[in-house]
Amino acid sequence: MAKHKKIYLDDSEMPKQWYNLAPDLPSPLNPPLGPDGNPVSPEQLAAVFPMNLIEQEMSQDRWIDIPEEIREHLVRWRPSPLIRAYELEEALGTPAKIYYKNEGVSPAGSHKPNTAIPQAWYNKQFGIKKLTTETGAGQWGSALSFACSVIGGIECKVFMVRVSFEQKPFRQMLMNTWGGTCIPSPSTETQAGRDILAKYPDTPGSLGIAISEAIEAAVTDETGQTRYTLGSVLNHVMLHQTVIGLEAKKQLAKVGIEKPDVVIGCCGGGSNFAGLAFPFIYDKINGADIQVIGAEPFSCPTLTKAPFIYDNGDVAQMTPMMAMHSLGHNFVPAPIHAGGLRYHGMAPLVSAALRDNLMEAQAIHQSECFEAGLLFAKTEGIIPAPETTHAIASAIREAKKAKEEGKEKTILFNFSGHGLMDLVGYDKYLNGQLHDYEYPDAEIALNLEKLQGYPLPK
Ligand SMILES: *Cc1c(COP(=O)(O)O)cnc(C)c1O
């Protein structure tokens, strides 16, 4: 066979270190700030996260060793295959070579277990017995439930955004199967949840609300053995995901490709994008010519429309203020949108990469995304998660551009997850029930008005 469809690495070739972009940024990261406007100390975060992860969060080391026990869990599905999208290329008639890193092969079906495993492991090392978290579409809740179950000895409690809880019963069943507990948010179990329900009894919920609930549930546990976990946004999450890009580099080298021309990821909180892109941004900082694109929905245009500001990560302002692109912590996304990618903020590291012109951002409408997802499903065969379709739509745009320019570019994108649990979204699209929605500028302005008096990042 002339075609080389799948590029595998041996188990032994899985990365032994994570890559941390923080020390390589041209201008330094703005530190997270407490309510008094001063940088938060590690001790101030200690009720929320274990100290070993706080150290990673603040680390300025470029390379961080992956503990052997974590590698032994990751190797259950890693290294993930790099796949050449020959059939998609053919359908597009493009001279471009399109490669995707298939993160849908993990047990939970997305890239999220790449950080769920280390987070559960570091918490266990620190003596933690229970983890709380929030989940939007249910991917993170299931990834963490999986991780707690295989690592053992840690309970997992998930606050799931209400609208998704109702629309996605299969994700709850996954969590329950792995031994996790999942309840709809806002709930009556926390003060934050009760406050929101009193004001807005019919709210569809949001990640910002669910985060407040999960943090409250962690810090109010009097045994001191509960901590909170976040599936995206934070520096240590970006760090854990870099196995994706580090593997992709080795895999491209195996087929004689020195560097991709374009690297693409979809952006919710930024972690799967960062996981693939940061190791290539490292090359870019060191002189390589690589275009890096973050693709996001028009309905939640964090990178393309929201300002770079200090904002809290949650509605109840329990998190420190982080320097990031933010639509305002009061943002409640339109429930009509089918996919994830609906968080109001963007990872501080990704926001800094955009500030420093190490990447560019694109907003795409959901009809273009679903169309791209269907073309991918019908050609490559794998049904992508609705989030992933943003990366596919962006890759298709670049492949069409390459065709117009007659250039044989190498396009690499992150296939962040499969969509087998998201078929209701496809069904709605096929029945003409999904509509494009652009988050109104006036709404953004209104959310941001509430942030007057917040400090401004550099
Ligand atoms: C959670 C998720 C995303 C968005 O989160 P990021 O942190 O931006 O990666 C994208 N794709 C899939 C499949 C997801 O589960």
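The values are calculated or read from the model by the stated rules, or taken from the named source; none is laboratory data. Quick caveat: nothing in here was measured; it's all calculated off a predicted structure. Virtual Cβ from ideal backbone geometry, glycine too; neighbours counted across all protein chains shown.
The residue that is surrounded by the most Cβ atoms within 10 Å (Cβ to Cβ), counting only those in segment 148-169 that are at pLDDT 95 or above and part of a helix (DSSP H, G or I), is Cys148.
Residue count for segment 105-115 satisfying the condition of being out of contact with any helix residue (DSSP H, G or I) (no Cβ under 6 Å at 6 or more places or on another chain) and surrounded by fewer than 24 Cβ atoms within 10 Å (Cβ to Cβ): 1. You will find that of Ala395, Ala334, the residue that is in contact with a Phe, Trp or Tyr (Cβ under 8 Å, 6 or more places away or on another chain) and assigned to a loop (DSSP other than H, G, I, E, B) is Ala334 and no other.
The residue that is modelled with the highest pLDDT, among those in segment 195-222 that are part of a loop (DSSP other than H, G, I, E, B) and buried (at least 24 other Cβ atoms within 10 Å of the Cβ), is Gly205.
Got a sec? Which of Tyr86, Tyr122 is within 21 Å of the chain's Cα centre (by Cα) and of a type in the set (Phe, Trp, Tyr)? Within the list Tyr86, Tyr122, the selection yields Tyr122. Within segment 116-138, take every residue that is modelled with pLDDT of 95 or more and either within 16 Å of Phe170 (Cα to Cα) or among the aliphatic types (A, V, I, L, M) (or both) and give me the one that is surrounded by the fewest Cβ atoms within 10 Å (Cβ to Cβ). It comes out as Ile128. Here Ser299 fits the description: out of contact with any Gly (no Cβ under 8 Å at 6 or more places or on another chain) and either away from the ligand (no atom under 16 Å from the Cβ) or touching a residue at least 12 places away in the same chain (Cβ under 8 Å) (or both).
Of the residues making up segment 236-291, those that are surrounded by fewer than 24 Cβ atoms within 10 Å (Cβ to Cβ), outside any helix (DSSP H, G or I) and aliphatic (A, V, I, L, M) number 5.
When residues in segment 441-457 are screened for being of a type in the set (A, V, I, L, M), surrounded by 12 or more Cβ atoms within 10 Å (Cβ to Cβ) and assigned to a helix (DSSP H, G or I), 3 of them pass. Among the candidates Thr229, Thr181, the residue that is modelled with pLDDT of 95 or more, among the hydroxyl-bearing types (Ser, Thr, Tyr) and crowded, with 23+ Cβ neighbours inside 10 Å is uniquely Thr229. Residues that are within 23 Å of Ser212 (Cα to Cα), within 16 Å of the ligand (Cβ to nearest atom) and either hydroxyl-bearing (Ser, Thr, Tyr) or modelled with pLDDT of 95 or more (or both) are absent from segment 282-295 altogether.
Restricted to segment 401-434, and to residues there that are in contact with a Ser or Thr (Cβ under 8 Å, 6 or more places away or on another chain) and away from the ligand (no atom under 16 Å from the Cβ), the residue that is modelled with the lowest pLDDT is Leu434. Contact map, segment 350-375: residues that are touching a residue at least 12 places away in the same chain (Cβ under 8 Å) paired with residues that are among the basic types (Lys, Arg), Cβ distance under 8 Å, separation 6+ or inter-chain. Pairs shown: Leu358/Lys284; Gln362/Arg397; Ala363/Lys305. Taking segment 366-391 as the range and being part of a helix (DSSP H, G or I), of a type in the set (A, V, I, L, M) and in contact with a Gly (Cβ under 6 Å, 6 or more places away or on another chain) as the test, only Ala391 passes.
If you filter segment 1-40 down to residues that are more than 30 Å from Val105 (Cα to Cα) and among the small types (Gly, Ala, Ser), you find that the one that is surrounded by the fewest Cβ atoms within 10 Å (Cβ to Cβ) is Ser27. Might you let me know whether segment 71-89 holds any residue that is within 23 Å of Gly373 (Cα to Cα), in contact (Cβ under 8 Å) with a residue 12 or more places away in the chain, of a type in the set (D, E, K, R) and buried (at least 23 other Cβ atoms within 10 Å of the Cβ)? There is no residue in segment 71-89 that is within 23 Å of Gly373 (Cα to Cα), in contact (Cβ under 8 Å) with a residue 12 or more places away in the chain, of a type in the set (D, E, K, R) and buried (at least 23 other Cβ atoms within 10 Å of the Cβ).
For (1) among the small types (Gly, Ala, Ser); (2) over 30 Å from Ser394 (Cα atoms); (3) within 21 Å of the chain's Cα centre (by Cα); (4) assigned by TED's automatic domain parsing to the domain that holds Ser416, each residue gets a yes or a no:
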{"position": "Leu21", "(1), (2), (3), (4)": "no, no, yes, no"}
{"position": "Gly34", "(1), (2), (3), (4)": "yes, yes, no, no"}
{"position": "Ser41", "(1), (2), (3), (4)": "yes, yes, no, no"}
{"position": "Glu57", "(1), (2), (3), (4)": "no, yes, yes, no"}
{"position": "Leu74", "(1), (2), (3), (4)": "no, no, yes, yes"}
{"position": "Leu82", "(1), (2), (3), (4)": "no, no, yes, yes"}
{"position": "Ile98", "(1), (2), (3), (4)": "no, no, no, yes"}
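Residues being away from the ligand (no atom under 16 Å from the Cβ), farther than 17 Å from Ile392 by Cα and in a helix (DSSP H, G or I) are entirely absent from segment 133-147.
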